[in-house]
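Q: My questions will all concern the structure given below.
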Amino acid sequence: MAVDWPALADALVSWSSGHLAATDASYRVTALEARSTALHALTETISSVPDDLTCCEANVATCLVLLTSEVCLGDHTGWYYHLKGVKNMIMSARSSGRHFRGTDALRQSPEGQWILRNFAYHDVLGSVALGTQPLIKAEYLDGITGLVDTYLGVASEILMLISEISCLDPMDLVYESIDDSDDSPLVVLSDRCTSLERRLAGWKCQPGTAPTLVAVAYAYRSAALLYLYRRILRAIYDSLHRREELSSMLNSTIQTEVARVLEHVSDVPLNDKPETALLFPVFMAGIEATEGNHIEIVRMRLVIMQGKRPFHNISRALQVLEELWTRGRNHSNVDWRDIVEQQSGGLLLT
């Protein structure tokens, strides 16, 4: 695709030079110049090239590459502007016969399907970091996840479930019920919560999947469960006041999932390519970890990841966790998202 679309080629140069700048500061000016060239080329392409599906796919791919290049340059907030631009492009896509629009149009080609999985990866995990709903609900992934993807291997379907969790209204997570025996209020999980928990817990890789891809997929599955449990606990704290019985049970379950995430992560060799997808599950385990050995495992894994790939989002994630762990020694109810907002540094977990 980059051979036919110069803007995409320029974006790849921008990404590569940004990667070099992350390890050698002398390339930073070069990286900024390459980024400017890529942005200019994309602007010209959008304004002058016919608006057909192939052009749309190339422009979306260009924006997604520029999004990841922001990470190389250390901008933890600029990526979201690119993502919103991608969302607008996707929603305006039209198939050649005009029979399909938006995500349905992109689903018609292998390139379009790759773009949708790529977008979902950033959009859905971005919704976790930002505490918002995804820009587009990830229902469009249904039917296009049954292959090994460049980002998540075989775990793309998990993104659909994480998207559903992000779309839950806080009032839909838990509710109060009256115990008929003594008329006392009980906090009960909503049907949607229990359904999501059951679907996540029951999700399995296809037989014959490579062991490393299985480990990555199950690490994401457990991380998604941690995300669901954290949202439930926040709803209890914010809306219904704390109910010791349910929160205690959830905290115990959370620590079990933390251990599972780290067990699956340990099954992914450090030099294996799927290891590059582990920032999200490692971070999710880190925000819930309370045992010293679990915290140290998360810390060391992120340090190793940072040593191999000096992307600023890895160091930023570790910075947030270190602050969380420090505050957590004195305040058990501190929330990681509050730290991100207070530091005004943003966060990208892809």
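Q: Among what's in region 88-102 and is in contact with a Gly (Cβ under 9 Å, 6 or more places away or on another chain) and open to solvent by less than 40 Å² (accessible area, probe 1.4 Å), pick the residue that is modelled with the highest pLDDT.
A: 90
Q: Condition (residue is over 30 Å from residue 307 (Cβ atoms) and in contact with a Gly (Cβ under 8 Å, 6 or more places away or on another chain)) applied to region 48-60: is it met by at least one residue?
A: Yes: one or more hits.
Q: A further question follows. Can you tell which of 234, 221, 230 is within 14 Å of residue 161 (Cβ to Cβ) and either open to solvent by 70 Å² or more (accessible area, probe 1.4 Å) or touching a helix residue (DSSP H, G or I) at 6+ places or on another chain (Cβ under 9 Å) (or both)?
A: Result: 221 is the single residue among 234, 221, 230 that is within 14 Å of residue 161 (Cβ to Cβ) and either open to solvent by 70 Å² or more (accessible area, probe 1.4 Å) or touching a helix residue (DSSP H, G or I) at 6+ places or on another chain (Cβ under 9 Å) (or both).
Q: Look through region 298-340, keep the residues that are in a helix (DSSP H, G or I) and modelled with pLDDT under 85, and return whichever of them is nearest to residue 266 (Cα to Cα).
A: 312
Q: Do you know which residues across region 263-280 are open to solvent by less than 10 Å² (accessible area, probe 1.4 Å), assigned to a loop (DSSP other than H, G, I, E, B) and within 14 Å of residue 210 (Cα to Cα)?
A: Residue satisfying the conditions is 268 alone.
Q: Restricting attention to region 96-110, does a residue exist that is assigned to a helix (DSSP H, G or I) and either within 25 Å of residue 314 (Cα to Cα) or acidic (Asp, Glu) (or both)?
A: Among the residues of region 96-110, at least one is assigned to a helix (DSSP H, G or I) and either within 25 Å of residue 314 (Cα to Cα) or acidic (Asp, Glu) (or both), which makes the answer yes.
Q: Among residues belonging to region 187-208 that are touching a strand residue (DSSP E or B) at 6+ places or on another chain (Cβ under 8 Å) and open to solvent by less than 40 Å² (accessible area, probe 1.4 Å), point out the one that is nearest to residue 145 (Cα to Cα).
A: Only one residue tops the list, namely 193.
Q: Oh, and also: What number of residues within region 130-160 are of a type outside the set (Asp, Glu), outside any loop (DSSP other than H, G, I, E, B) and open to solvent by 10 Å² or more (accessible area, probe 1.4 Å)?
A: Residues that pass the stated criteria total 3.
Q: How many of the residues in region 44-68 are more than 21 Å from residue 100 (Cα to Cα) and under 27 Å from the mean Cα position of the chain (by Cα)?
A: Residues flagged as more than 21 Å from residue 100 (Cα to Cα) and under 27 Å from the mean Cα position of the chain (by Cα) within region 44-68 amount to 7.
Q: Starting from region 205-227, keep only residues that are charged (D, E, K, R), then list their pairs with residues that are open to solvent by less than 30 Å² (accessible area, probe 1.4 Å) whose Cβ atoms are within a distance under 7 Å, requiring at least 6 positions of separation or different chains.
A: 221/158; 221/200; 221/203
Q: Only one of these is aliphatic (A, V, I, L, M) and open to solvent by 70 Å² or more (accessible area, probe 1.4 Å): 284, 300. Name it.
A: 300 is the lone residue from the list that is aliphatic (A, V, I, L, M) and open to solvent by 70 Å² or more (accessible area, probe 1.4 Å).
Q: Quick one: which of 85, 78 is surrounded by fewer than 21 Cβ atoms within 10 Å (Cβ to Cβ), touching a Cys at 6+ places or on another chain (Cβ under 8 Å) and over 30 Å from residue 235 (Cβ atoms)?
A: Only one candidate passes the filter, namely 85.
The values are calculated or read from the model by the stated rules, or taken from the named source; none is laboratory data. All values derive from a computational prediction rather than experimental measurement. Quick reminder, even Gly has a Cβ in these numbers, built from the backbone with ideal geometry, and neighbours come from all protein chains shown. Just the protein is used for accessible areas: all its heavy atoms, side chains included, with ligands, DNA and RNA removed. Shrake-Rupley method; radii C 1.70, N 1.55, O 1.52, S 1.80 Å.
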